[in-house]
Amino acid sequence: MDPTIKDFESAIAELESIVKTLEDGDLALEKSLALFERGVTLSRFCHTKLEEAERRVEILNERGEIKPAPPSLAEGDDRTR
Amino acid sequence: MDLFDIPFEDEPAEPAAQARIPERRIYTVSELTSGIRGAIEDRFAEVWVEGEISNCKVWNTGHMYFTLKDGASQIKAVMFRSAMRYLKFKPEDGLHVVARGRVSVYEPKGEYQIVCEHMEPHGLGALQLAFEQLKKKLQADGLFDRARKRPLPALPRRIGIVTSLDGAALRDILKVLRRRAPNASVLIRPARVQGEDAAADVATALRMIVKVPGVDVVIVARGGGSMEDLWAFNEERVAKAIFNCPVPVISAVGHETDVTIADFVADLRAPTPSAAAEMVVAAKDDFCSRIERLNGRLRAAARADLQRRRNAVHVLASRRGLAGFHARLAMRGRHAAELTHQFRSAMRQAIETRARGYRALRQRLEQRDLARRLAAMKGRLHVASGRLEGAAGRARHRADSRFRALAGRLENLSPLAVLGRGYAVCWNGDRTAIVRSANTVTAGDRVHVTLADGEINCRVENGSNN
């Protein structure tokens, strides 16, 4: 991933300010294009982040160890229907 | 009741009549005090007393000294640390309480006091009072400040959950997450949520779970119950643990109508555990649509920006003066280009012609005679070409005419031009010299005559110089 993007939240914040700047207009053409390109990069980054992450249900025990949760929890109990 | 009506154990049980000449029974102060103490402690081994607390002071030993009073009287009171521990609320001045204890005498000072074992607020339940007291205190300490409430993260890498492993709360939360956020990662830190150790357990769990990298939000949850059941979430240590969490905490304790201290401290209060899960997911949904909107605005802004520039150019270009200028500019450009082209091809042609001429002449014209002129010509041609190029760079339309003039002059200098005018050059037989005099040839000699477009081989019929 783009090393200039710190994390999701900062990407959104930057995207927001870019859009505002562009909407206000009055920029040099080069600046405007550069901002647009940056905006597209940020927007892609956000989309990718939204899609990634994987489902996991884990338990942190008293010794500070992380173990997978029992299937009854992780997969859900159909009796609750 | 008069204290001295009570007979002392060691008092002789003689009839009162004999007291007329009383046998003097003299006590020491200690004996008397000790006697009083015994009498009182026997008589008031366990009493309930109702009154208002005043002069309340907790010493650093943990014992609390205070006075209980009503409209007419007061009694000194003490509550030792061991008993204080079990108090849910904090006794304070002005509080109307019911206390249970025994009356005792502090012999060194001859003071009697009630040693309280237990105390509850009068009228209000102890828990309710404790709740109000803690709420007031934490509010004053700034634990509920709106300004410190943090927004939920859009994409928690891990959703932390602190609750009982076998409670309905956990199942409800997981169910919502399964449905609404199928790829979420969840970390559960089990904790007892009811009973004596619950508060300590929940506090520890909170501290532990936020140390795990990636836990960006924590739900602390418990199903519904009585105030006693939910009590852990009204304790200061849980409130402090929530307050000290470095990430946002959602409190989801009890049902919608149950309010706990934890709810006030948490960044967000969920009416139910399911609702807490919905909140976490909603934050993501929010961000999804926010990105969509931003993306749309980004593209719209870029389009608008381009359109604006296009319009600006168009407006400028269509102003009359500028339009004329523009047209003139275009014409100039075209004109210059044309001139350049013409000039180039004219020059190319001229040079080629010259080169052809030069090649033809080189062998045939007498070197000494023409070489110098050719060299000079070449030099001049070179200089002229250079000047022409320079001139072209500066003003092409002028260069054109200049070139034509120069080309004309070059033309005049060319031997070919002389031949072109009808003159011929006559060479001797072995082409080593030009025949300049009729005397140099005799009848029968072969000569070569060079014309503008070729050569004639001739034999001399007769030679004469007229």
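Readers should treat all values here as calculations from the given coordinates under stated rules, not as data from a laboratory. If you're wondering where the values come from, they're calculated on a predicted model, not measured in any experiment. Glycine gets a Cβ as well: all are built from the backbone with ideal geometry, and neighbour counts include every protein chain shown.
Residue-wise HN-Hα couplings along the range A:68-75, as the Karplus relation 6.51 cos²θ - 1.76 cosθ + 1.60 with θ = phi - 60° gives them from phi, are x, 6, x, x, 4, 7, 5, 8 Hz; Gly and Pro carry x. According to the calculation over all Cα-Cα pairs in the range B:42-190, the P(r) per 5 Å bin from zero is 2, 8, 13, 14, 12, 9, 7, 8, 7, 7, 6, 4, 2, 1, 0 %. Under a 5 Å amide H cut-off, with hydrogens placed 1.01 Å from N, B:Ala191 pairs with B:Thr163, B:Ser164, B:Leu165 among residues at least 5 apart or on other chains. Taking amide hydrogens as placed 1.01 Å from N in the peptide plane, the amide H of B:Cys56 sits under 5 Å from those of B:Thr67, B:Asp93, each at least 5 positions away in sequence or on another chain. Mean partner shielding of peptide B:147-156, defined as the number of other chain Cβ atoms within 10 Å of each residue Cβ, is 2. As a rough guide to protection, the peptides A:10-19, B:115-124 ranked by mean Cβ packing within 10 Å, highest first, stand as A:10-19, B:115-124.
For the range B:211-225 and the range B:24-69, what is the separation of their C-alpha centers, rounded to whole Å? That distance is 50 Å. Restricting the calculation to Cα atoms, chain A shows an Rg/Rh of 1.29 when the hydrodynamic-style radius is the Kirkwood one. Look at the stretch B:171-183: the mean tally of other chain Cβ atoms within 10 Å of its residues' Cβ atoms is 3.
Our coupling estimate for the range B:87-100, obtained by passing each phi through the Karplus curve with A = 6.51, B = -1.76, C = 1.60 and θ = phi - 60°, is 6, 6, 9, 10, x, 8, 4, x, 6, 8, 10, 10, 10, 10 Hz, Gly and Pro reported as x. For the range B:130-280, a crude dipole built from +1 on the beta carbon of Lys and Arg and -1 on the beta carbon of Asp and Glu, taken about the Cα centre, is about 720 debye to the nearest 20.
Taking θ as phi - 60° and the Karplus parameters 6.51, -1.76 and 1.60, the scalar couplings of the range B:130-146 work out to 4, 4, 4, 5, 5, 4, 5, 5, 5, 4, 5, 7, x, 6, 9, 3, 4 Hz in sequence order, x denoting glycine and proline. Around the amide H of B:Tyr106, modelled in the peptide plane, lie the amide H atoms of B:Glu111, B:Tyr112, B:Gln113, all under 5 Å away and 5 or more residues distant in sequence or on another chain. When the C-alpha to C-alpha distance is required to be over 29 Å, the pairs from B:Lys69/B:Lys90; A:Lys20/B:Lys149; A:Lys6/B:Lys211; B:Lys88/B:Lys284 that qualify are B:Lys88/B:Lys284. Taken residue by residue and averaged, Cβ atoms of other chains lying within 10 Å of the Cβ of B:185-195 number 4. For chain A, the longest principal axis of the alpha carbon atoms and the long axis of helix A:8-24 meet at an angle near 30°. Helix A:29-51 and the long axis of chain A differ in direction by around 10°, with both axes built from C-alpha atoms.
In terms of the mean number of neighbouring beta-carbon atoms within 10 Å, the peptides B:184-197, B:201-214, B:300-313, B:129-142 order highest first as B:184-197, B:201-214, B:129-142, B:300-313.
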